[in-house]
Amino acid sequence: MTPEEITRVVGERVREFRQDLGVTMEQFADSAGLSIGMLSKVENGQTSPSFSTLTSLANAAGVPFTAFFRGLDEEHDAIIVPAGGGLEISHEGDGPGRSYHDLGSLRGAHREIEPVLVTITQPDEVFPLFQHSGVEFIHMLEGAMEYGYGSKRYELRAGDTMQLRGEVAHGPTELMVLPIRFLSLKVHAAK
């Protein structure tokens with residue numbers, strides 16, 4: 001959200017509180033110790049009010065200072081992916097009997113989390129090992145596999161979870177019970 005958008009939303013909140021009180025701009029400005037011109041600029045999003053101005057307005061409205069910022073966080077996107085949905089994506093681990101479905105990501109310059117549903121339905125002897133930034137959380141939904149992490153091997157079955165550092169080479173090393181389905185959540189540091 002840009003500073004201009006925040007200024008506009010704060011102005012709208014100030015106007016809403018004044019109108020809820022049922023007072024005129026003149027009465028509200030007087031109660032807050034402001035000029036009508038300043039109140040008009042705030043309500044119309046034409047000026048970014050100082051903390052002291054916001055405090056005066058909050059006191060005049062009988063609301064906490066933070067009330068003017070309510071709803072700003074609520075204006076972010078929410079991603080819903082219906083059951084069985086998700087965009088099938090190309091992945092460096094692609095091969096016969098392997099599919100990767102992106103389960104949604106919030107818009108923005110950087111992905112903070114990458115939720116992917118991985119399905120393996122055919123045996124294959126060759127799997128790439130992966131490396132990436134951040135951490136990864138794996139939750140087994142179906143099947144069983146041996147999962148390599150660095151020089152170690154771990155057996156994962158339905159219901160098991162694993163958390164690992166992405167910088168260490170990792171990936172399936174043996175498919176034990178097919179089909180295999182697991183949820184992979186890659187979490188990257190906020191930038």
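No lab work stands behind these numbers, since they all come straight from the coordinates. Computed from a predicted model, the values in this text were never measured in an experiment. Please note: Cβ atoms are built from the backbone with ideal geometry, for glycine as well, and neighbour counts cover all protein chains shown.
Distance between the 7 Å Cα→Cβ label points at residue 165 and residue 188: 1.9 nm.
Close amide-amide hydrogen proximity is noted between residue 98 and 121, each under 5 Å apart and 5 or more residues distant or on a separate chain (H modeled in the peptide plane; Pro and chain starts excluded). Taking every C-alpha pair closer than 8 Å and separated by at least 6 residues, the mean separation divided by the residue count of the range 128-191 gives a relative contact order of 47 percent. The convex hull of the Cα atoms of the range 3-75, projected and averaged over all directions, covers 4.3 nm².
What number comes out for the charge environment of residue 115, summing +1 per Lys or Arg and -1 per Asp or Glu over other residues with Cβ under 12 Å away?
Numbers: positive: 111, 186; negative: 102, 112, 114, 136.
Cβ neighbours under 12 Å give a net charge of -2.
Taking 0.692 mPa s as the viscosity and 37 °C as the temperature, the Stokes-Einstein diffusion coefficient of the range 87-187 based on its alpha-carbon Kirkwood radius rounds to 239 µm²/s. Less than 5 angstrom separates the built amide H of residue 103 from those of 116, 117, all sequence-distant by 5 or more or on a different chain. The base-10 log of I(q)/I(0) for the chain, evaluated at q = 0.10, 0.15, 0.17 Å⁻¹, reads -0.60, -0.84, -1.01 [Debye formula, identical scatterers on Cα atoms, solvent excluded].
Sorting 56-63, 168-175 by their mean Cβ neighbour count within 10 Å, with the most densely packed peptide first, gives 56-63, 168-175.
Stretching the chain fully between residue 21 and residue 173 yields a gain of 48.0 nm (0.36 nm per residue, less the alpha carbon separation).
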